[in-house]
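**Q** Okay, here's the structure, questions in a sec.
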Amino acid sequence: MRPFANGGFPVPTGLKSSPDDFDLRMSEEARPFYEQVVDFLERVVDPMQKQFFKEADPMNRWGYTERQLELLEGAKDQAKAEGLWNFFLPDTGQGLSNLDYAYLAVELGKYPLGSESLNCSAPDTGNMEVLERVGTPEQKAEWLEPLLRGEIRSAYAMTEPGLPSSDAKNIRTQAVKDGDEYVINGEKYYISGAGDPRCKIMIVMCQTSPDGPPHRKQSQILVPIDTPGVKILGPMHVFGQDDAPHGHMHIRFDDVRVPASNMLLGEGRGFEISQLRLGPGRIHHCMRSIGAAEKALDLMVRRSATREGFGKPLVRLGGNMEIVARARTEIEAMRMMVLRAAKAMDTLGNAEARVWISAVKAMVPERVCQIIDQAIQMHGATGVSQWTPLAGMYAGQRTLRLADGPDEVHWMVVGRAEVAAYDGLEVPLEQTPYADPELTAAWAEDKDNSFMFSGPA
């Protein structure tokens, strides 16, 4: 360990970075895209989505009306025409870095239909990244191309009932080779997007080598949702809501046969693909979450500044001014962390940046939940009603604390990396940069260490 110039030693850290990683400015090349996106969201998406939700058919909640699709497709066509499409893909999209895309994703997160209007919605983004990087030419032609054009939707089937799927080694859905086919049997739940009538393809995490090494047991395979034996049992509810028509579906696979050519990358490569997919997906969620926090804070301030109670605006009652101030401060802290993680992905690669990714995935949804909760409180009963988007926003963020790995797993990743940074570290106390010479000497002379515990009588 190299000492500082003053003779002290740097503090080890599990969050790898370099001095260049503190430059978090958007590139000059991305600035025009950013300005275009902000304008497009305000000019096209905002009025479109207001009309979109009014056109829903309450008698057909698991489908879209013709008018809804017309509105959405109109916005998508306009986005394509203006060159605002597939920002997140380096090769087939606009070629933006993760850092540049972070700025755009924050803006997308402020609008429920913002991401889909620009073809940057989960779970499609993660699935497209997988297909682009590991798909065969045939797989790309059949599934990636229509996804890139925004013609179909997709789902990612990993989570299973009855076991902690945060440990992917627990996955029990099996795919057994039978000639030139795989036969899939098992059960998945909370498969987001599988209820959408436009969902045509799933990437399914399954076990192909039950007796193999722990990280070679799993594979990922493409399963068209209309394949015989795929049974959608119904939606899982989130805080009592079924999120129709998108849905989070409970699915059973009963002797589902797919061609062996549907295997992604090869048998036993499932964990490898997961790291490829889940790393960017996790940080994309956090980027959009900051946009949701901005929206919640905006609603909080507008409400509290324009409503009076006890002769004063609500914002000037009790500790409400501090709540607003803390929310703004938390948003800026989250923004810096997400930008740092995005920069780490650009400079270190997704694998080396995994600790940064886990740090923001654990931190951001938790804090955004708190900001939305405070906005709800500022609205009173209206905050949990259909008159504001806050209840739905809270449910989404609270769910995100479980999606792509629960908080606890990600905190463990960060903590484990931090502790590992100290392995084998032996630096005498008197050489540490925070040691006071007089205190160190006094401590050394106090043989029973009582000095350390002395304090006011």
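The values are calculated or read from the model by the stated rules, or taken from the named source; none is laboratory data. Just so you know, these numbers come straight off a predicted model, no measurement behind them. All Cβ positions, even for glycine, are placed from backbone atoms using ideal geometry, and neighbour counts span all protein chains on display.
**Q** Test of understanding: among Thr399, Thr347, Thr388, which residue is farther than 25 Å from Arg326 by Cα and surrounded by 16 or more Cβ atoms within 10 Å (Cβ to Cβ)?
**A** On the way: Thr399 fails: farther than 25 Å from Arg326 by Cα; Thr388 fails: farther than 25 Å from Arg326 by Cα.
Of Thr399, Thr347, Thr388, the one residue that is farther than 25 Å from Arg326 by Cα and surrounded by 16 or more Cβ atoms within 10 Å (Cβ to Cβ) is Thr347.
**Q** Can you tell me which of Glu438, Glu430, Glu426, Glu408 is in a loop (DSSP other than H, G, I, E, B) and at pLDDT below 95? First the steps, then the outcome.
**A** On the way: Glu438 fails: in a loop (DSSP other than H, G, I, E, B); Glu430 fails: in a loop (DSSP other than H, G, I, E, B); Glu408 fails: in a loop (DSSP other than H, G, I, E, B).
Step by step, each of Glu438, Glu430, Glu426, Glu408 is checked, and only Glu426 is in a loop (DSSP other than H, G, I, E, B) and at pLDDT below 95.
**Q** Does Met236 satisfy the criteria of being under 23 Å from the mean Cα position of the chain (by Cα) and free of Cβ contacts under 8 Å to residues at least 60 places away in the same chain? First the steps, then the outcome.
**A** Working: under 23 Å from the mean Cα position of the chain (by Cα): yes; free of Cβ contacts under 8 Å to residues at least 60 places away in the same chain: yes.
Here the answer is yes, as Met236 does meet what is asked.
**Q** Oh, and also: Any chance the stretch 294-304 includes a residue that's under 17 Å from the mean Cα position of the chain (by Cα) and within 12 Å of Ala375 (Cβ to Cβ)?
**A** Residues of the stretch 294-304 under 17 Å from the mean Cα position of the chain (by Cα): 294.
Next, only the ones that are within 12 Å of Ala375 (Cβ to Cβ) stay: 294.
The answer is yes; a qualifying residue exists.
**Q** Restricting the search to the stretch 119-160, which residues are assigned to a loop (DSSP other than H, G, I, E, B) and β-branched (Val, Ile, Thr)? Before you say what the answer is, go through the steps one by one.
**A** Looking only at the stretch 119-160, we keep the residues that are assigned to a loop (DSSP other than H, G, I, E, B), and these are 119-123, 135-136, 149-152, 158-160.
Within the stretch 119-160, Thr136, Ile152, Thr159 meet the criteria.
**Q** (1) of a type in the set (Gly, Ala, Ser); (2) touching a residue at least 40 places away in the same chain (Cβ under 8 Å); (3) surrounded by fewer than 20 Cβ atoms within 10 Å (Cβ to Cβ): which one isn't true of Gly162, the others all being true?
**A** Unmet condition: (2).
**Q** If a residue must be farther than 20 Å from Val368 by Cβ, hydrophobic (A, V, I, L, M, F, W, C) and either in contact with a Ser or Thr (Cβ under 6 Å, 6 or more places away or on another chain) or surrounded by fewer than 19 Cβ atoms within 10 Å (Cβ to Cβ) (or both), how many such residues does the stretch 314-344 contain?
**A** Total meeting the criteria: 4.
**Q** Which residues, counting only those in the stretch 374-385, are assigned to a helix (DSSP H, G or I) and either among the polar types (S, T, N, Q) or buried (at least 17 other Cβ atoms within 10 Å of the Cβ) (or both)?
**A** Gln374, Ala375, Ile376, Gln377, Met378, His379, Thr382, Gly383
**Q** How about the stretch 168-262: which strands (runs of 3 or more DSSP E) wholly inside it have at least 3 residues that are surrounded by 23 or more Cβ atoms within 10 Å (Cβ to Cβ) and not assigned by TED's automatic domain parsing to the domain that holds Met128?
**A** Values: elements: 174-178, 181-192, 199-207, 218-224, 230-235, 248-259.
So the answer is 181-192, 199-207, 218-224, 248-259.
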